[in-house]
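Since the structure comes first, as structure tokens, the remarks are kept for the end.
Just so it is clear, none of the values below were taken in a lab; they were calculated from the coordinates. Just so it is clear, the model here is predicted, and its values are computed rather than measured. Positions of Cβ are backbone-derived with ideal geometry, glycine not excepted, and every protein chain shown enters the neighbour counts.
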Amino acid sequence: MIYPWQQQQWQTLQNAVTEGRLPHALLLTGKQGVGKLDFAKSFADFMLCQDPQNQTTCGKCHSCQLFDAGTHPDFNLIAAEEGGVIKVDQVRNMVEQNSLTPHISSNKLYLFVDADSMNIAASNSLLKTLEEPSPNSLIILITSRPDLLSATIRSRCQQIKFNPPSQGQAIEWLTTQTTNTDAKTLLNLAQGSPLTALKIDHEDQKELNDSVFADFGRVIFGKSDPVKVANEWQKHDLKLIFNWLTIWVIDVIRLKYNDSEPMINSADKLKALLKIASAFTLEQLFELYEKQLQTGRLLDKQVSKPLLVESFLVSCVLNR
Ligand SMILES: [Zn+2]
């Protein structure tokens, strides 16, 4: 994927391809969360595509299909294991591969993720390859810390820099990716990196999703005061909460019908959903579903929201 703020870098590489002066090695630099890896993958996909069109991949050829499936034999992603380093064996393996002709495409692609995590032996081994590049192979190094790479490696690569987008452009993009209405705060938390902002948003949402679900479960089984929970929920986006409730109630109904092969949306909450499914009759669940839809619709109207949510939650309490 090419993000809107990467057009210039994309054009630079396209021009180099057209004019036949693409170097053997690229070094993509820029802070974490500006989309370097997605950009590199898109460019790799493009370089491997058998029928590129208008500076983009065709998306249909054998190469594109293999690339999308993550099984392209001419594409190699080299990365450290969690918290580790890129080891010399990984680079040697790459050198071996590189001596062979491409399988499907006319190029071979090597993508080093967080290239600065190479240990010294790996770095020396890579340097040799960079000094004697083989035709039809492209090495792309990605790093947010180019200063940690050896100067000789850096000098063998053409550097492509990625800056974070302007605040306006980042906010414009973020609002197309999230329902969070405070894109500016998210972006500030991420120090201007849009992808980091999105990640923070998703993590926050996951946390809220879990805590709302826990509240809901406690209310059902009479372990939390519905009035207190209703007040707590007022701090959040109630439309979002009621969308989640719809998903959960439908999941429970599905489990009630067929608990052997559950096709549910919230698989992470399976155990708790099964507990709810076994506590309610199907009739009660449909009532709950109706009530929950009704409440969700009334949220748009001019009514007292705390009262509305409270009345919904009271109606959820089992054996009241
Ligand atoms: Zn293609």
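The Cα atoms of region 27-170 cover 47, 40, 28 Å along the three principal axes, with the biggest extent listed first.
Could you check what % of the DSSP bridge pairs in region 4-163 are antiparallel, to the nearest 5? Mind dumping the intermediate values first?
Working: 1 of 20 bridges.
Bridges in region 4-163 are about 5 percent antiparallel.
Candidates THR56, SER42, TRP5 compared by Cα position along the dipole of the chain: farthest toward the positive end lies TRP5, with charges placed on Cβ.
Put simply, when 80-87, 287-294 are sorted by average Cβ atoms within 10 angstrom per residue, most first, you get 287-294, 80-87.
Cut-off 10 angstrom, C-alpha nodes, Gaussian network model of the chain. Which of GLY20, GLY59, GLY35 fluctuates the most? Of GLY20, GLY59, GLY35, the most mobile in the Gaussian network model is GLY20. Counting every other Cβ atom within 10 Å of each residue's Cβ, ILE241, ILE160, ILE140 order from fewest to most as ILE241, ILE160, ILE140. Dipole magnitude for the chain: computed about the Cα centre from +1 point charges on Lys and Arg Cβ and -1 point charges on Asp and Glu Cβ, it is near 360 debye.
Per-residue ellipticity at 222 nm for the chain, helices alone: DSSP H runs ≥ 4 residues times -39500 (n - 2.57), over residue total, nearest 500 deg cm²/dmol? Numbers along the way, then the final one.
Details: 14 runs with 171 residues, N = 320.
When only DSSP H runs of four or more count, the value is -16500 deg cm²/dmol.
The DSSP beta bridges internal to the chain are antiparallel in roughly 5% of cases. Summarising the amide proton neighbourhood of ILE78: residues at separation of 5 or more, or on other chains, whose placed amide H is nearer than 5 Å comprise LEU111, PHE112, VAL113.
Candidate cross-link partners of LYS41 among the lysines, defined by an alpha-carbon separation under 26 Å and a same-chain spacing of 8 or more, comprise LYS31, LYS60, LYS87, LYS108, LYS128, LYS161, LYS199.
Within the straight-line cut-off of under 17 Å between alpha carbons, the aspartates and glutamates reachable from LYS223 are ASP210, ASP215, GLU232, GLU310, sequence neighbours fewer than 8 places apart in one chain being disregarded. Report the far tail of the P(r) of the chain, meaning the percent of Cα-Cα pairs longer than 24 Å. The proportion of pairs with Cα distances above 24 Å equals 65 percent. Contact order for the chain, expressed relative to its length and based on alpha carbon pairs under 8 Å spaced 6+ residues apart, stands at 17 percent. Residues TRP248, TRP5 in ascending order of nearby Cβ atoms (within 10 Å, fewest first): TRP5, TRP248. Cross-link partners of LYS256 among lysines, defined as those whose alpha carbon lies under 19 angstrom from its own and excluding same-chain residues fewer than eight positions apart: LYS269, LYS271, LYS275, LYS291.
Relative to the Cα centre, what is the charge dipole magnitude of region 194-316, using +1 at the beta carbon of each Lys and Arg, -1 at the beta carbon of each Asp and Glu, and rounding to the nearest 20 debye? It would help to have the intermediate numbers written out before the result.
Values: 16 positive and 18 negative charges, 35 e Å.
Result for region 194-316 is approximately 160 debye, rounded to the nearest 20.
When the Gaussian network model of the chain links Cα atoms closer than 10 Å, the mean-square fluctuations of ASP268, ASP38, ASP215 top out at ASP268.
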